[in-house]
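Step one of this worksheet: look at the structure below.
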Amino acid sequence: MRCPFCSHIEDKVVDSREAKDGDSIRRRRECLECGRRFTSYERIDQIPYMVVKKDGKREAFYRDKVLSGLLRAAEKRPVSTGQLEKIVDEVEKNVQDSLDRELATTEIGKIIMRRLKALDKVAYVRFASVYLEFADVSEFMSELKTLVTSRTAATPAEKKKKKK
């Protein structure tokens, strides 16, 4: 394991335990060069889950790739990494639960957009602008108007709840 701070290769395991999800082992490590501690997670290697791209090509599902896109969409927004990881968990569960061990990127995008819309409107618009591949500004503005309309159409009880 390479130290994320100094890139030294040798370390020692200080603590090992089952992670909260139960599917991995959490290990606290200490670098033998710089003495700093870091955490690693070990998972069992499985047959890769696949995603079907819009052009029909299949590629392996990469959890980190989904999280990276969400982090870019939520950059400088009041959204925690934990909240984004929950979205990735949901996406990963849907891929794992699919009968063919694969899921279309359109379905993955729908899950992400639904969750982002409820979590943070700006992150949602950022993600949608890339995912929906708007042909021009008018399509983008149309999506924004829909978002604003749904926000102003909230019931009086929802508006009162938001004020608190």
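Looking at Gly82, Gly22 in this structure, which one is more than 30 Å from Arg126 (Cβ to Cβ) and of a type in the set (Gly, Ala, Ser)? Break it down into steps so the answer makes sense when it comes.
Values: Gly82 fails: more than 30 Å from Arg126 (Cβ to Cβ).
Of Gly82, Gly22, the one residue that is more than 30 Å from Arg126 (Cβ to Cβ) and of a type in the set (Gly, Ala, Ser) is Gly22.
Output yes when any residue across segment 48-65 is on the phi < 0 side of the Ramachandran plot, among the acidic types (Asp, Glu), without any contact (Cβ under 8 Å) to a residue 12 or more places away in the chain and part of a strand (DSSP E or B), and no when none is.
First, pick out the residues of segment 48-65 that are on the phi < 0 side of the Ramachandran plot: 48-55, 57-65.
Of the ones still in play, those that are also among the acidic types (Asp, Glu) are 55, 59, 64.
Subsequent filtering for residues that are without any contact (Cβ under 8 Å) to a residue 12 or more places away in the chain retains 55, 59, 64.
Now drop any that are not part of a strand (DSSP E or B), which leaves 59.
The answer is yes, given that some residue of segment 48-65 is on the phi < 0 side of the Ramachandran plot, among the acidic types (Asp, Glu), without any contact (Cβ under 8 Å) to a residue 12 or more places away in the chain and part of a strand (DSSP E or B).
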Subset tally (residues that are aliphatic (A, V, I, L, M), loosely packed, with under 11 Cβ neighbours inside 10 Å and more than 26 Å from Leu99 (Cα to Cα)) for segment 15-57 = 0
Within segment 12-31, identify whether any single residue is in contact with a Ser or Thr (Cβ under 8 Å, 6 or more places away or on another chain) and either of a type in the set (Gly, Ala, Ser) or part of a helix (DSSP H, G or I) (or both), and answer yes or no.
-> no
Just a yes or no: is a residue in segment 80-87 surrounded by 13 or more Cβ atoms within 10 Å (Cβ to Cβ) and either farther than 25 Å from Leu119 by Cβ or touching a strand residue (DSSP E or B) at 6+ places or on another chain (Cβ under 9 Å) (or both)?
-> no
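Enumerate the helices (runs of 4 or more DSSP H) found wholly within segment 90-153, keeping only those where 2 or more residues are modelled with pLDDT of 90 or more and closer than 20 Å to Asp55 by Cβ.
On the way: elements: 105-119, 121-131, 137-152.
Answer list for segment 90-153: 105-119.
Name the one entry in Ala60, Ala118 that is in contact with a Phe, Trp or Tyr (Cβ under 8 Å, 6 or more places away or on another chain) and either loosely packed, with under 14 Cβ neighbours inside 10 Å or polar (S, T, N, Q) (or both). Break it down stepwise before answering.
Details: Ala118 fails: in contact with a Phe, Trp or Tyr (Cβ under 8 Å, 6 or more places away or on another chain).
One residue alone meets the criteria, Ala60.
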Quick one: in segment 21-50, of everything that is under 17 Å from Glu85 (Cβ atoms) and out of contact with any strand residue (DSSP E or B) (no Cβ under 8 Å at 6 or more places or on another chain), which residue is modelled with the highest pLDDT?
-> Gly22
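The values are calculated or read from the model by the stated rules, or taken from the named source; none is laboratory data. Just so we're clear, the structure is a prediction, and the values are computed from it rather than from any experiment. Positions of Cβ are generated from backbone atoms using ideal geometry, with glycine treated the same way; all protein chains shown enter the neighbour counts.
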